[in-house]
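Worksheet: the structure to be examined is printed underneath.
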Amino acid sequence: MITIPTPLIDRDDLSLMERSLIPLIALYTQQWGDKPSDIDASTLAQSLRHTPREVIEALDAMVKKGILKTIRRKTPQGVMIYYTFAPIKTIPPIVSTLTAKEYSDSSYFLNMDNDAFEELHAFALELCDREGLRRDLFDDFTLYQRSKNNRSFDWCAEFERWVRRENSSNTTLAIGNQALSETKPSAEEFEMAHYFIRHLASIDPQFEEPFDVMSWAKQIQILTEAGGYTLLEVKAVIDWLFSAKGDWFRPNVPDAYHLRKHFKRLVAHTRSFRDGKPRLPDGIDLFDLYEQM
């Protein structure tokens with residue numbers, strides 16, 4: 001049995017995600033007869049079947065509101081950030097977001113304090129403006145680094161690499177779009193786009209089929225004609241995403257654009273493993289290997 005303090009239930013400044021996380025955090029951290037413990041964002045994301053980005057945003061919001069506090073702990077994978085309830089007496093009254101101090105949480109990155117984060121933020125916005133990139137690219141960068149629990153000695157250099165990768169991706173897409181702008185996707189590419197859409201609809205009752213299926217088929221066309229992949233490889237990646245082995249990564253691929261964006265990483269999984277078993281290189285027979293031993 002778990003109990004949730006009345007002051008948390010009565011608050012009217014919580015989002016739906018925050019209200020969903022509170023009982024789940026209590027379930028993991030408030031065990032009868034034990035001292036209060038803590039929980040990491042990845043476990044919460046898996047339990048809610050939401051992306052780590054959405055969960056981390058909600059957890060950070062509750063840290064700013066004084067509902068949660070963060071704990072850093074050394075693990076074999078590095079320093080990890082965990083969350084637990086803040087003492088009830090420290091939960092402040094609701095204040096206007098206009099007066100709340102920005103970056104009040106000191107753990108936005110594992111080895112960066114608030115002042116350093118503000119300097120990185122200013123550097124990132126200036127770089128985005130100079131390169132003509134969208135400013136919310138910095139939000140994507142921060143959420144990715146936190147979801148991976150990454151560390152760095154030079155976060156400005158890390159963001160510059162992120163910007164170069166974004167520019168390279170945009171250039172490749174522009175070249176691909178220009179080369180393919182005069183050609184329409186084939187019937188097979190349209191069918192593959194519908195194949196992906198049917199899989200998405202099968203796991204999400206609220207999924208709405210896109211009005212412009214052409215744009216989804218265009219992404220498949222870029223993979224096959226500009227990327228050099230086959231339709232069988234595209235199908236294998238889609239099947240892997242909607243299997244038990246790919247379930248952990250599926251929230252990161254909500255549409256055909258993200259399928260193309262992450263395809264190089266995804267196809268590596270399907271090429272390395274088939275049916276959960278390592279593949280031998282092409283042209284190698286298992287019996288030949290035994291004879292050579």
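Some points to look at:
- For Arg135, the requirement of being within 21 Å of the chain's Cα centre (by Cα) and either modelled with pLDDT under 80 or outside any helix (DSSP H, G or I) (or both) is met.
- Considering the conditions (1) more than 22 Å from Ile203 (Cα to Cα); (2) at pLDDT 85 or above; (3) part of a helix (DSSP H, G or I), Pro251 is excluded by exactly one of them, (1).
- Top-ranked residue of the range 62-81 - restricted to ones that are not polar (S, T, N, Q) and not in a strand (DSSP E or B), ranked as surrounded by the fewest Cβ atoms within 10 Å (Cβ to Cβ): Pro76
- Residues (surrounded by 16 or more Cβ atoms within 10 Å (Cβ to Cβ) and either among the β-branched types (Val, Ile, Thr) or over 16 Å from Arg250 (Cα atoms) (or both)) located in the range 194-226: Ile197, Trp216, Ala217, Lys218, Gln219, Ile220, Gln221, Ile222, Leu223, Thr224, Glu225, Ala226
- Test: residue in the range 181-191 that is among the hydroxyl-bearing types (Ser, Thr, Tyr), touching a strand residue (DSSP E or B) at 6+ places or on another chain (Cβ under 7 Å) and modelled with pLDDT under 85: no
The values are calculated or read from the model by the stated rules, or taken from the named source; none is laboratory data. Note that the structure is a prediction, hence the values are computed from the model and not measured. Cβ sites come from the backbone with ideal geometry, for glycine too, and all protein chains shown count toward neighbours.
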